[in-house]
1. Just a yes or no: is a residue in the stretch 220-234 open to solvent by less than 40 Å² (accessible area, probe 1.4 Å), among the small types (Gly, Ala, Ser) and either at negative phi or modelled with pLDDT of 95 or more (or both)?
2. Counting only residues that are surrounded by fewer than 16 Cβ atoms within 10 Å (Cβ to Cβ) and under 19 Å from the mean Cα position of the chain (by Cα), which one in the stretch 19-68 is farthest from THR125 (Cα to Cα)?
3. Could you tell me whether the stretch 152-172 includes any residue that is within 30 Å of ASP51 (Cα to Cα), touching a residue at least 60 places away in the same chain (Cβ under 8 Å) and of a type in the set (A, V, I, L, M)?
4. Would you confirm whether any residue within the stretch 10-17 is surrounded by fewer than 17 Cβ atoms within 10 Å (Cβ to Cβ), under 18 Å from PRO66 (Cα atoms) and at pLDDT 95 or above?
5. Taking into account only those residues within the stretch 172-198 that are open to solvent by 10 Å² or more (accessible area, probe 1.4 Å) and among the hydrophobic types (A, V, I, L, M, F, W, C), which is nearest to LEU89 (Cα to Cα)?
6. Please work out which residue is most open to solvent (accessible area, probe 1.4 Å), limiting yourself to the stretch 114-171 and to residues that are within 15 Å of TYR93 (Cα to Cα) and among the aliphatic types (A, V, I, L, M).
7. Identify all residues within the stretch 187-207 that are touching a Gly at 6+ places or on another chain (Cβ under 7 Å) and among the basic types (Lys, Arg); write none if there are none.
8. Just to check your reading of the model, which residue among GLU245, GLU238 is in a helix (DSSP H, G or I), among the charged types (D, E, K, R) and surrounded by 13 or more Cβ atoms within 10 Å (Cβ to Cβ)?
Amino acid sequence: MKTLPVAIQVYSIREEAQKDFAKTMAAVKKMGYDGVELAGLYGHTPEEIRDILNENGLIPISAHVPYQEFTKDLKGTVQNYSNIGCRYLVIPYLTEEYRYGTENFEAFLLNIPAIAKECAKHQVTLLYHNHAFEFNRTKDGSFCLDYLFEKTSHAELQTELDTCWIGYAGEDPVAYLKKYAGRSPLVHLKDYKTEPFSMQPLGKGIQDVPALLREAVNSGCEWVIVEQDDHPDCTPLEDMQISREYLKSLGW
């Protein structure tokens, strides 16, 4: 079976990265990760981040960039992450005042083409990453996530499907990968338990990870990205090691 390169979302190990980014990236590379998805700059300049990643043989595939950063300084924001080498910039979350049903959401939709155009100047693709609230219904009965992608073109906005939050919302993440085949170059692999809900390393929760991996390949994804927001049982680095070893056990 074909496999894809595996990245780590640095938010998973944010405290370690903030304390010592270079040391943490060396640990990530030793675990067997191929690249990283950034969530901030951890007190460094873009050039310093680029050099640290290069020294450790890690590819800066993407970065999570809050929508407000784009609206505050669009050109500077895109330039900074382009300087690092990111090929994708991802809007990770919309705070309540920017969600479907608000005037700010309509402004958000209108701003997407301009953000995407600026990204394209640097050969960067704009993505949107879901949580669970995007599976609330619109007035016409569709999910807010689907509404967002109906109102934007493939050229303007693609998706980074978060498989945990899709499952948490009661939907099938494999089906969503199929639905957005060709429009989801990156996918978040994230495992979890229910009753009570808790984030878990891959292979320790309820997700059918092998099925997700198969569909990621079939749907034209380019990278799988391991993310674990919280760590109830182990340290962040221990959890990310467990996830990487589990993927290796599957031939990844």
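The values are calculated or read from the model by the stated rules, or taken from the named source; none is laboratory data. Just so it is clear, the model here is predicted, and its values are computed rather than measured. A quick note on method: Cβ atoms are made from the backbone with ideal geometry, for glycine too, and the neighbour counts reach across all protein chains shown. Quick note on the areas: whole protein, heavy atoms, side chains included, nothing else; ligands and nucleic acids left out. Shrake-Rupley method; radii C 1.70, N 1.55, O 1.52, S 1.80 Å.
1. no
2. GLY32
3. no
4. Scanning the stretch 10-17 turns up at least one residue that is surrounded by fewer than 17 Cβ atoms within 10 Å (Cβ to Cβ), under 18 Å from PRO66 (Cα atoms) and at pLDDT 95 or above.
5. ALA181
6. Only one residue tops the list, namely ALA132.
7. LYS193, the sole residue that qualifies.
8. Every option except GLU245 fails the conditions.
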